[in-house]
Amino acid sequence: MRTIGHFIGGREVPGSSGRYGDVFEPMTGEVAAKVALASAAEVRQAVANAREAQPAWAATNPQRRARVLMK
């Protein structure tokens with residue numbers, strides 16, 4: 001079964017809490033994957049990374065930001 005981790009600081013992080021949540025296929029109701037639930041340390045790391053990235057992202061042209069999000 002596919003396991004989905006986190007994306008922190010531009011890279012995939014598998015998750016270290018050992019806890020997972022089910023991801024359901026809406027059409028069939030079957031479990032399609034497991035998603036890692038973040039530990040407190042992973043949440044702190046993600047928040048710190050977001051704080052660091054925010055000034056540059058805010059200074060980016062809105063059209064460029066939209067292109068990044070649509071990609």
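Every number in this text was worked out from the coordinates using simple rules, so none of it is lab data. Note that this is a predicted model, so its numbers are computed, not measured. As a convention, Cβ positions derive from the backbone with ideal geometry for all residues, glycine included, and neighbour counts pool all protein chains shown.
Taking 56, 41, 33 in turn, the Gaussian network model of the chain (Cα-Cα springs below 10 Å) assigns the largest fluctuation to 56. Structural descriptor for the chain: relative contact order 28 percent, calculated from alpha carbon pairs under 8 angstrom and at least 6 residues apart.
Using the Cα centre as the reference, give the magnitude of the dipole from point charges on the C-beta atoms of the chain (Lys, Arg: +1; Asp, Glu: -1; all else neutral), rounded to the nearest 20 debye.
Around 380 debye, computed over the chain.
In the elastic network of the chain, a GNM with C-alpha springs shorter than 10 Å, the most mobile of 19, 11, 44 is 11.
Among DSSP beta bridges lying fully in the chain, give the percent that are antiparallel, nearest 5.
75 percent
The 3J(HN,Hα) values that the Karplus relation (6.51, -1.76, 1.60; θ = phi - 60°) gives for the range 60-70 are, in residue order, 6, 3, x, 5, 5, 4, 4, 5, 5, 5, 6 Hz. Gly and Pro appear as x.
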